[in-house]
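The values are calculated or read from the model by the stated rules, or taken from the named source; none is laboratory data. Here the structure is a predicted model, which means the values were calculated and not measured. Here the Cβ is made from the backbone with ideal geometry for all residues, glycine too, and neighbour counts use every protein chain on show. Just the protein is used for accessible areas: all its heavy atoms, side chains included, with ligands, DNA and RNA removed. Shrake-Rupley method; radii C 1.70, N 1.55, O 1.52, S 1.80 Å.
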Amino acid sequence: MRILAVGDMHLGRTPSRLPDELVDQARDLGPAGAWDRTVNTAINAGVTAVLLAGDVVERENDFFEAYRELEQGVQRLAEADIKVIGVAGNHDVKVLPRLAKHIPEFQLLGKDGQWQSCRIDDNVDSITLWGWSFPRKEIRTSPLSEQSFKPKAGINLGLLHCDRDAANSPYAPVSSRELQQAGIDGWLLGHIHKPDALSAESLSGYLGSLTGLDRSEAGPHGPWLISTAGGRIEQVEQLPLAPLRWESVDVDLEGIGEPAEAGERLLSVLRDLDNQITETPVTPDLRAAPDAIGVHVIFGGRTRFGIAVYDEFSRRQGEVVYAGSDNRSYFIERHSVATRPEIDLEELSGQPTPAGLLAKRLLWLDEPEGHPERDDLVARARRSLRDQGQKSVWSDLDAGDPDAVEWLRTAGLRALDKLLAQASDTG
């Protein structure tokens, strides 16, 4: 038997920070497009059931949009004799039960916070699925605290939206120990958007979001294909079907003769990434590879052009810069500089000059947390960034959560370039 397990989908949400030329594709690049791909894959793979681990819908007022997208997919799956079973999470505690009433082919497990089981079989293997749904938006006690399971013949799996090992969480906190001691064969969890490394030997953990919703959800995302044979879990693999992907790429600038050469270095890195993604075997969906990739470009290496390159690419932020295989769009979501001056920072930091003092502080940024000077410097930067962000002049801007270390390094290298240039002019 094969089943497809889907983590947080968040229908109704659209990707953020898309370049202007991709805005018209927002629906296909977001959760709705990822759901389409999942449905196609489930049908092509001939799965017995599709399981949804909560937060299927982004907001309670997304009923009509979610209804349209969910119903179309569920109807197609039902026509292929594929069951659709899910639990409600903290985002869709009210709307998912309402949707279940209007979509009879969709089975909601664990309504009103009461554990419920159902059986899936294909006349060869069988799976008993145990599910629990959020009865209200905040649940501060573990849904496993007073639950005793009586496993049935065959494979027993839990489907649960929860916050693992976060005792004070308002989102159904459970402990790893509770999950391990529940006495069933595995747990398919929703809520945390970063997927765990699931396997046939260790099928207990977070499925992750179906598609990366923003740059914090980098790397491959998609549903998990679970195969059984002879009454046991035989294979577990993630299918990276997300139409939009977020990645970080390192671009070494060492040896460039002018800032313009940075563009050539970036294109070379993007070609390698595109080849890697294209060559990754994914079955059984032919359109498994992403249609767009937002990249965080990190410029590194020893060069005197670091800040000049940073300034040049500031004008290309949010721009599609490369068309890969199948016209895949690569756009610069953000960029940062981690270059070093051509002069050795260690040597420079020993000089009793403004440039030397600045070099010493730049070296502190490379130290791990716990280094006193580094931690003090970063803490002061965070306070400054927070104070600036609270000023009314910035109230209409979405500043996000700035990285204090990245901000300090960029500002410090910019200042150091100027100091070294001044020293050269006066020397």
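Here the condition is being open to solvent by 10 Å² or more (accessible area, probe 1.4 Å), out of contact with any Phe, Trp or Tyr (no Cβ under 6 Å at 6 or more places or on another chain) and in a loop (DSSP other than H, G, I, E, B); of Glu254, Glu247, Glu237, it holds for Glu254 alone. Put simply, of Glu247, Glu217, Glu264 the only residue that is in contact (Cβ under 8 Å) with a residue 40 or more places away in the chain and out of contact with any Gly (no Cβ under 6 Å at 6 or more places or on another chain) is Glu247. Here Leu4 does not qualify as in a helix (DSSP H, G or I), open to solvent by less than 20 Å² (accessible area, probe 1.4 Å) and aliphatic (A, V, I, L, M). Within the range 258-272, the set of residues being in a loop (DSSP other than H, G, I, E, B) and open to solvent by less than 50 Å² (accessible area, probe 1.4 Å) comprises Pro259 only.
Residues that are open to solvent by 30 Å² or more (accessible area, probe 1.4 Å) and not in a loop (DSSP other than H, G, I, E, B): does the range 127-142 have at least one? There is no residue in the range 127-142 that is open to solvent by 30 Å² or more (accessible area, probe 1.4 Å) and not in a loop (DSSP other than H, G, I, E, B). Here is a check on your reading of the model: is Glu333 in contact with a Lys or Arg (Cβ under 9 Å, 6 or more places away or on another chain), closer than 30 Å to Gly255 by Cβ and crowded, with 19+ Cβ neighbours inside 10 Å? The answer is yes for Glu333. The residue list Gln181, Gln114 contains one member that is touching a residue at least 12 places away in the same chain (Cβ under 8 Å) and surrounded by fewer than 16 Cβ atoms within 10 Å (Cβ to Cβ), which is Gln114. Just one of the listed residues (Tyr206, Tyr171) is aromatic (Phe, Trp, Tyr), open to solvent by 40 Å² or more (accessible area, probe 1.4 Å) and in contact (Cβ under 8 Å) with a residue 40 or more places away in the chain, and it is Tyr171.
The set of residues from the range 193-225 being farther than 23 Å from Ile155 by Cβ, modelled with pLDDT of 95 or more and hydrophobic (A, V, I, L, M, F, W, C) comprises just one member, Leu210.
Given the structure, is Ala289 open to solvent by less than 70 Å² (accessible area, probe 1.4 Å), farther than 23 Å from Leu365 by Cβ and modelled with pLDDT under 85? Taking the combined requirement at face value, the residue satisfies it. In the range 72-82 there is at least one residue that is among the basic types (Lys, Arg), open to solvent by 10 Å² or more (accessible area, probe 1.4 Å) and either in contact with a strand residue (DSSP E or B) (Cβ under 9 Å, 6 or more places away or on another chain) or part of a helix (DSSP H, G or I) (or both).
Give me the residue from the range 43-56 that is in contact (Cβ under 8 Å) with a residue 60 or more places away in the chain and in a helix (DSSP H, G or I) and, out of that set, surrounded by the most Cβ atoms within 10 Å (Cβ to Cβ). Among those residues, the one meeting the criterion is Ala45. Of the numbered criteria (1) more than 18 Å from Lys83 (Cα to Cα); (2) without any contact (Cβ under 8 Å) to a residue 60 or more places away in the chain; (3) part of a loop (DSSP other than H, G, I, E, B), the one Asn123 fails is (1). With respect to (1) outside any loop (DSSP other than H, G, I, E, B); (2) closer than 30 Å to Ile332 by Cβ, the lone exception for Arg59 is condition (1).
The set of residues in the range 1-25 that are of a type in the set (Val, Ile, Thr) and touching a Pro at 6+ places or on another chain (Cβ under 7 Å) contains only Val6.
The set of residues in the range 82-91 that are farther than 10 Å from Leu70 by Cβ and without any contact (Cβ under 8 Å) to a residue 40 or more places away in the chain contains only Lys83.
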